[in-house]
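First comes the structure, then the notes that go with it.
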2 protein chains.
Amino acid sequence: MSTHLPDGAKAVAIDILIHGPRSRAQLAKDLGSSAPTLTRLVKPLLAAGVLVETDAVHTPGRGRSSVPLDVVPDAWRFVGVKLTSESVYAVTTNLRAEVLDSETIPAPSLEVSAVVTAVAGIVERLRGRAGRELDAVGVTVGGLVEDGKTVADSPFLHWAQVPFRRLLAAEMAPPVFLANDVVGLTRAQQWFGHGRSSRDFALLTVGAGVGYGLVMDDRVVPTTVSPVSHLAIDPHGPLCPWGHRGCMSSYVTSPAMTAAVAQAHRRAVTYDEVLDLAGGGDAAARRVVDEAAHALGRAVSAITSLTGVERIILSGEGIRLVDVGRAALHAGRLEYPGARASGVDPVVVRPMDFLEWARGAAVVAIQGVFPQR
Amino acid sequence: MSTHLPDGAKAVAIDILIHGPRSRAQLAKDLGSSAPTLTRLVKPLLAAGVLVETDAVHTPGRGRSSVPLDVVPDAWRFVGVKLTSESVYAVTTNLRAEVLDSETIPAPSLEVSAVVTAVAGIVERLRGRAGRELDAVGVTVGGLVEDGKTVADSPFLHWAQVPFRRLLAAEMAPPVFLANDVVGLTRAQQWFGHGRSSRDFALLTVGAGVGYGLVMDDRVVPTTVSPVSHLAIDPHGPLCPWGHRGCMSSYVTSPAMTAAVAQAHRRAVTYDEVLDLAGGGDAAARRVVDEAAHALGRAVSAITSLTGVERIILSGEGIRLVDVGRAALHAGRLEYPGARASGVDPVVVRPMDFLEWARGAAVVAIQGVFPQR
DNA sequence: ACGACATGATTTCGGCATGGAACTATTGCA
DNA sequence: TGCAATAGTTCCATGCCGAAATCATGTCGT
């Protein structure tokens, strides 16, 4: 299911994919086009099997019943792969980015050719289990990705200037798309998550690191060059590995938090333990969690001040932090309120497990096949 | 000189206005169109007198000499008016936003009708001295402006929900455009200042308050709802009038700085005095200036982290701060360097006097007549 | 001096997307 | 059974664009 389609037609398919099935008349209104234009654009999409007419809807009022158009999500198969230095996470999805299958393997050596082989292998196994050809494959890595082609710098994999897309494309049949991992998550939110209704939003992820993605005017803004991990919170705060006092990563990353609690209790603890201890009333863990959540709140406040986004999505594998530290998060947000008097709370929380990263990679594949604009 | 022109044609005029005179062939390349399109678009512009052909340029190579096209800046007259609670600043400019005339009067009472009359009066006097009709008038105020029509909330003028554009339009012949004052400055930088070469940049102004403007993807992002004035710098810093400790406005506004030095020396001082004292080695003034410049550096760092802009313009009537406190500004920027390793310094300084605000208002008028896209 | 050549500007022509007007299709209601 | 209302389609005028051909104007070699 991969076809060449006129330009505006893809925009119709994308809009249905993101904002749900609708009649031609409604689509014309939403896209600001005329009814004839929609008839024309929809025709090849129906012929290609990208869209189908579903059962006509008889509105209670009068008039001819409308025929909603919908995508056929299961006519498509995408695979998303997220690389970390420890594991390779992969998922198979349909066009709605719904996860149909998944596989996780330990990372091979970090040598480029070994990683390429491992990715090709996991993709081939998922393709076999899907029982049909894949429409596209998306791969995401932590680090700086240039032009969707080259891993310019990845501190996690210790790679620099690796033409990863070309190397992957040589090993597999479907088209391959490459992106930064946070960009993938951001795109997933933009099309299939809380960003659907907003042209502007920010994504802040909490976990082993602090991730930040920004979408303005429906476009992903490249911000990875200057990450939010080292945003200054308190010049008298704890130290991060880079020697900064009180930057974001000195407060809210899981290594920072577990290390702080471990030091207090003279024993090793896991991240979940830290949150459980804090929930159970342990004073040291409570303090660490509250300071982290407070710092997160301050970051949220800074983001709204500097970007003016109307929505901020909090997520990441360590997202339970915002449940346990809810009050401190709120206090951090309100410490410097500025003049904000908006009615709705712009912050939403998106739960997450590690496969969500791979799903983000699958969305990179989907958006590769359906490029926006 | 006000004409109705096809849509793409205005884009050509705007591009010449911003990026200078060029031949049709060059414009075709820059705008991504074909040569025939350019010939067609240029024709009505020449007929309307918006553009003129200047002397043909004989390139040292071979071929027919190219004929540069340029705008006729002095075929246009715009007036920009900036309102403060103390004064009304107004300038007359041509299409290049070059100041040809200016006038400043004390603000009348802050009552709306009195202000409308005062603005109409100053515009009429400038029009008279210009000796011809005005093409448009731009007015800017501090505070929240909605839709370019209504002053929704201005703490300085103590206005709320004033349909200011309509009231002004009733009193004068030329079209009137209304905007926030920092938006006006931002637009002036975008078209005629350091923003010309960048699609994305931020503007940070220093003076009686702290102003912030953001342009992403050639569009001015509305950020005034949540100003940067109260961006958190140090939770142990000085107090601002809103009760925040260590926010931007507690460090870098001229009232904050003069008050701090006045307290140290037990006597009233002006803003310029503070800077002179610091330059002359006065310890207290030096400290206040350095802390302010350091906070400004931290804000610059936060802006690059969170917006990813490639350029930040520092300006405002108190901009001398960055000269006197240059070292501290630099230290503040580098305190939390993140992963930035870009070659060029994104920060540029734009000198400014108070008429610059009125010039920003004139640019609002110019962009009103030549709307972008 | 004159023609070959190179390049910019212009004109012609056909393709293509768009949207308005008119028309058909389907439904509920009088 | 007509009428009103809404959905979808067909037809056509319009406008914008770019490829190719043409014209204009310069340099350079012989």
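All of the numbers you see were taken from the coordinates with simple rules; none came from a lab. Small disclaimer: the values here were computed from a predicted structure and weren't measured. Cβ coordinates were reconstructed from backbone atoms using ideal geometry, including for glycine residues, and neighbour counts include every protein chain displayed.
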Per the 1/(1 + (r/R0)^6) rule, R0 = 22 Å and r from the Cβ atoms of B:His236 and B:Leu334, FRET efficiency to 0.05 is 0.55
Here the range A:144-159 yields Karplus 3J(HN,Hα) values (6.51, -1.76, 1.60; θ = phi - 60°; whole Hz; Gly and Pro given as x) of 8, 10, 9, 6, x, 10, 10, 7, 6, 6, 10, x, 6, 8, 6, 10
For chain B, the longest principal axis of the Cα atoms and the Cα long axis of helix B:283-307 enclose an angle in degrees, to the nearest 10, of 50
Checking the range B:221-306 for trypsin sites (Lys or Arg not before Pro) in a loop per DSSP with at most 14 other beta-carbon atoms within 10 Å yields B:Arg266, B:Arg267
PRE zone check, label point 7 Å out along Cα-to-Cβ of A:Asp272, amide N under 14 Å, scope the range A:306-324, hits A:317-321
So the angle from the long Cα axis of helix B:112-130 to the longest Cα principal axis of chain B, reported in degrees to the nearest 10, equals 50
Pseudo-spin-label distance B:Ala107 to A:Val57, built 7 Å along Cα→Cβ, given in nm, is 5.2
When B:Trp76, A:Trp357 are ranked with the fewest other C-beta atoms within 10 Å first, the list becomes B:Trp76, A:Trp357
Taking alpha-carbon centroids only, the range B:236-306 lies from the range A:138-178 a number of Å equal to 47
At the level of C-alpha centres, the distance separating the range A:1-54 and the range B:9-53, in angstrom, is 36
Within the range A:197-349, the percent of DSSP beta bridges that are antiparallel, given to the nearest 5, stands at 60
So, with points 7 Å from each Cα along the Cβ direction, the A:Thr37-A:Arg326 label distance in nm works out to 4.6
quick note, chain A, DSSP beta bridge pairs, % antiparallel (nearest 5) is 65
So, relative contact order of the range A:7-71 in percent, Cα under 8 Å, 6 or more apart, is 39
Taking a ≥ b ≥ c as the square roots of the eigenvalues of the Cα gyration tensor, with a/c under 1.5 meaning rounded and otherwise prolate when a/b exceeds b/c and oblate if not, the protein assembly as shown is oblate
Fewest to most Cβ atoms within 10 Å: A:Met216, A:Met248 sort as A:Met216, A:Met248
If A:Leu239, A:Leu95, B:Leu185 are placed from fewest to most neighbouring beta carbons inside 10 Å, the sequence is A:Leu239, A:Leu95, B:Leu185
Among trypsin sites (Lys or Arg not before Pro) in the range A:1-101, those in a DSSP loop whose Cβ has at most 11 other Cβ atoms within 10 Å are A:Arg62, A:Arg64
Shielding of A:216-223 by other chains, given as the mean Cβ count within 10 Å, works out to 4
Which of A:Lys10/B:Lys149; B:Lys82/B:Lys149; B:Lys29/B:Lys82; A:Lys10/A:Lys149 exceed 27 Å between C-alpha atoms? The answer is A:Lys10/B:Lys149; B:Lys29/B:Lys82
With a ≥ b ≥ c from the Cα gyration tensor eigenvalues, square-rooted, and the rule rounded for a/c under 1.5, otherwise prolate when a/b > b/c and oblate otherwise, the range A:197-349 is prolate
For peptide A:297-307, the mean count of other chain Cβ atoms within 10 Å per residue Cβ is 6
Helix B:181-192: inclination vs chain B longest Cα principal axis, degrees, rounded to 10, gives 50
For chain B the mean separation of alpha carbon contacts under 8 Å (6+ apart) over residue count, i.e. relative contact order in percent, is 16
Quick note, the range B:155-233: a/c under 1.5 would make it rounded; otherwise a/b > b/c is prolate and the rest oblate (a ≥ b ≥ c, C-alpha gyration tensor); here it is oblate
Relative contact order as a percentage, the range B:278-331, C-alpha pairs under 8 Å and 6+ apart, gives 51
